[in-house]
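Taking it in order: structure first as structure tokens, then the write-up.
The values are calculated or read from the model by the stated rules, or taken from the named source; none is laboratory data. Only a predicted model underlies this, so the values are computations on that prediction, with no experimental measurement involved. Here the Cβ is made from the backbone with ideal geometry for all residues, glycine too, and neighbour counts use every protein chain on show. Please note that ligands, DNA and RNA were not included when accessible areas were found on the heavy atoms of the full protein model with its side chains. Shrake-Rupley method; radii C 1.70, N 1.55, O 1.52, S 1.80 Å.
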Amino acid sequence: MAHFEDLNLNTPLLNALSDLGFTTPTPIQEQAFNIVASGKDVVGIAQTGTGKTYAYMLPILKNLKFSKQDNPRVLVLVPTRELVVQVVDEIEKLSKYINNRVLGVYGGTNINTQKQAIAEGIDILVATPGRLYDLALTRVLQLKSIQKLVIDEVDVMLDLGFRHQLINIFDILPEKRQNIMFSATMTQDVDLLINDFFKTPERVSIAVSGTPLDNISQQRYIVPNFYTKVNLLTHLLKDKEHFNKVLIFVAYKRMADRLFDNLDERFHDELCVIHSNKTQNYRLRSIEQFRNGENRILVATDVMARGLDIDNVSHVINFDTPDFPENYMHRIGRTGRAEREGEALVFTTKNEQEAIENIELLMKMTIPVLEIPETVTISTDLIEEERPQIKERNNPNKRRDDDVPGPAFHEKSEKNSKENLGGSYKFKIAAKYKKPKTRGDKNYNRRNKRK
Ligand code: AMP
């Protein structure tokens with residue numbers, strides 16, 4: 001195994017690494033070092049937790065000469081405010097013996113304070129795209145000296161709809177620059193962005209997305225509905241010793257709040273939540289409290305928690321099953337970090353069966369299923385999304401059997417589509433009158449989740 005000494009680093013960096021207790025580069029650090037240092041465009045595929053921040057920062061810091069000029073020379077774009085804070089922190093740790101100026105800027109905070117900090121002169125700027133663009137428009141921030149652009153978590157950026165903002169930023173950056181992108185997954189959107197804007201980048205990649213880390217054990221519970229999931233979760237969380245730092249994922253904000261409300265009474269002092277509707281301060285506080293162990297349980301949405309670097313997470317619980325298998329990989333990657341053992345659990349309902357199959361397909365493995373403990377109450381209550389849609393009353397065009405709730409109707413329609421290519425009479429009528437084909441739309445949750 002290589003040592004940091006083999007990477008041709010300078011003494012200040014080696015000393016900083018040694019202070020951090022890091023002796024050997026991680027695989028992505030080893031692979032990316034020479035390529036990033038060469039000045040070529042680079043696309044790195046690496047999950048968070050692999051040491052990817054230092055994979056780009058080590059070669060950048062090694063080559064960054066001391067300069068008295070005030071305009072930033074390195075720009076790091078990250079998707080969320082939390083990541084700005086985290087990346088700045090990592091750079092500062094690495095810069096312990098280097099005289100450089102690092103600044104993080106993000107939206108939702110006072111722009112004038114940031115302008116002042118910029119005016120004082122910086123070498124490395126870490127930013128979210130929106131705030132960066134706003135600052136560039138004020139002209140206090142001059143981007144003409146940027147030599148290196150890093151875009152971290154490109155897949156999340158594109159998921160969050162930052163494509164246009166990124167393109168606007170590319171427009172105002174000097175053309176002659178090195179582009180370094182890191183993404184946990186190679187999605188079609190990422191590929192498009194690369195093809196459109198980058199000059200035949202070198203690719204470095206470790207762990208193909210879909211390869212879970214060996215030190216994460218995975219198990220699954222088959223659970224009928226939301227409230228039974230809450231009961232099961234409550235049962236598990238009672239074991240404070242085993243479940244000592246638990247990150248619970250849900251797909252969307254409303255679900256995060258709903259779950260939080262349901263757990264709050266019992267776990268009030270141990271519980272926090274983050275999603276994008278929470279204020280910046282609230283989110284930072286939640287993360288800090290979870291990080292430092294003050295709170296044992298954090299409920300989070302995918303996008304918020306992706307990329308967060310929190311150590312010693314004992315369990316990742318997938319309260320729902322993500323539609324995109326990659327998200328499952330991201331979620332479980334929050335545990336088992338730095339080669340520690342981690343446990344991942346996933347709760348699946350019947351409606352989530354297809355999603356779990358896709359995940360298992362991606363990982364090429366089956367997740368073992370556990371029995372729900374007998375003491376857990378199986379609830380029959382349903383939340384709004386689980387109930388069949390409310391039916392239209394008194395519609396003269398409606399035939400009686402239109403009232404069949406969603407799933408049964410779908411089974412039937414699937415059967416029809418196989419046996420009778422013309423579709424049933426009901427379908428034809430429905431098409432003619434442009435009525436919704438079904439009121440129990442099985443994709444309802446799915447669509448809402450993606451919002
Ligand atoms: P990242 O993937 O950049 O989020 O890094 C994950 C964690 O690994 C961070 O806490 C880093 O400080 C840590 N780390 C980075 N490089 C190394 C290394 N070579 N050895 C051990 N830990 C590292």
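At-a-glance table
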{"read-out": "Tally of residues being closer than 18 Å to Tyr97 by Cβ, assigned to a loop (DSSP other than H, G, I, E, B) and within 11 Å of the ligand (Cβ to nearest atom) across the stretch 1-39", "value": "3"}
{"read-out": "Sole residue being hydroxyl-bearing (Ser, Thr, Tyr) and within 16 Å of the ligand (Cβ to nearest atom), chosen from Thr321, Thr301, Thr279, Thr335", "value": "Thr335"}
{"read-out": "Among the candidates Phe243, Phe290, residue that is within 21 Å of the chain's Cα centre (by Cα) and open to solvent by less than 50 Å² (accessible area, probe 1.4 Å)", "value": "Phe290"}
{"read-out": "Selected residue (only one of Arg331, Arg296, Arg337 is surrounded by fewer than 23 Cβ atoms within 10 Å (Cβ to Cβ) and touching a Gly at 6+ places or on another chain (Cβ under 6 Å))", "value": "Arg337"}
{"read-out": "Test: residue in the stretch 80-101 that is open to solvent by 10 Å² or more (accessible area, probe 1.4 Å) and aromatic (Phe, Trp, Tyr)", "value": "yes"}
{"read-out": "Answer from Leu125, Leu141, Leu132, Leu137 - the residue that is assigned to a helix (DSSP H, G or I) and in contact with a helix residue (DSSP H, G or I) (Cβ under 8 Å, 6 or more places away or on another chain)", "value": "Leu132"}
{"read-out": "Residue identified as within 16 Å of the ligand (Cβ to nearest atom), touching a strand residue (DSSP E or B) at 6+ places or on another chain (Cβ under 9 Å) and not polar (S, T, N, Q) among Leu83, Leu94, Leu103", "value": "Leu83"}
{"read-out": "Candidate set from the stretch 193-205 (those that are modelled with pLDDT of 85 or more and of a type outside the set (A, V, I, L, M)); member that is nearest to the chain's Cα centre (by Cα)", "value": "Arg203"}
{"read-out": "Which listed residue is more than 16 Å from the chain's Cα centre (by Cα), of a type in the set (Val, Ile, Thr), outside the structural domain of Ala46 (by TED's automatic domain parsing) and surrounded by fewer than 18 Cβ atoms within 10 Å (Cβ to Cβ), from Thr377, Thr349", "value": "Thr377"}
{"read-out": "Near pairs, Cβ below 6 angstrom, 6+ apart or cross-chain, from the stretch 236-259 (assigned by TED's automatic domain parsing to the domain that holds Ser286) to any residue that is open to solvent by 40 Å² or more (accessible area, probe 1.4 Å) and at pLDDT 95 or above", "value": "none"}
{"read-out": "Search result, residues across the stretch 156-192 that are within 22 Å of Asn327 (Cα to Cα), assigned to a loop (DSSP other than H, G, I, E, B) and either more than 14 Å from the chain's Cα centre (by Cα) or not small (Gly, Ala, Ser) (or both)", "value": "Leu160, Phe162, Thr185, Met186, Thr187"}
{"read-out": "Phe66 being in contact (Cβ under 8 Å) with a residue 24 or more places away in the chain, aromatic (Phe, Trp, Tyr) and more than 13 Å from the ligand (Cβ to nearest atom)", "value": "yes"}
{"read-out": "Search result, residues across the stretch 40-53 that are over 13 Å from Val204 (Cα atoms) and either more than 13 Å from the ligand (Cβ to nearest atom) or free of Cβ contacts under 8 Å to residues at least 40 places away in the same chain (or both)", "value": "Gly51"}
{"read-out": "Unmet criterion (only one of (1) outside the structural domain of Ile146 (by TED's automatic domain parsing); (2) aromatic (Phe, Trp, Tyr); (3) open to solvent by 50 Å² or more (accessible area, probe 1.4 Å)) for Phe197", "value": "(1)"}
{"read-out": "Qualifying residue in the stretch 7-28 (condition: touching a residue at least 40 places away in the same chain (Cβ under 8 Å), closer than 30 Å to Leu160 by Cβ and open to solvent by less than 30 Å² (accessible area, probe 1.4 Å))", "value": "yes"}
{"read-out": "Qualifying positions in the stretch 361-373 - surrounded by fewer than 17 Cβ atoms within 10 Å (Cβ to Cβ) and modelled with pLDDT of 95 or more", "value": "Thr366, Pro368, Val369, Leu370, Glu371, Pro373"}
{"read-out": "Of all residues making up the stretch 346-379, the number that are aliphatic (A, V, I, L, M) and farther than 24 Å from Leu247 by Cβ", "value": "2"}
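Okay, residues lined up against (1) of a type in the set (S, T, N, Q); (2) surrounded by 20 or more Cβ atoms within 10 Å (Cβ to Cβ):
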site: Val150; (1), (2): no, yes
site: Asn168; (1), (2): yes, no
site: Phe182; (1), (2): no, yes
site: Gln188; (1), (2): yes, no
site: Asp191; (1), (2): no, no
site: Asp214; (1), (2): no, no
site: Leu236; (1), (2): no, no
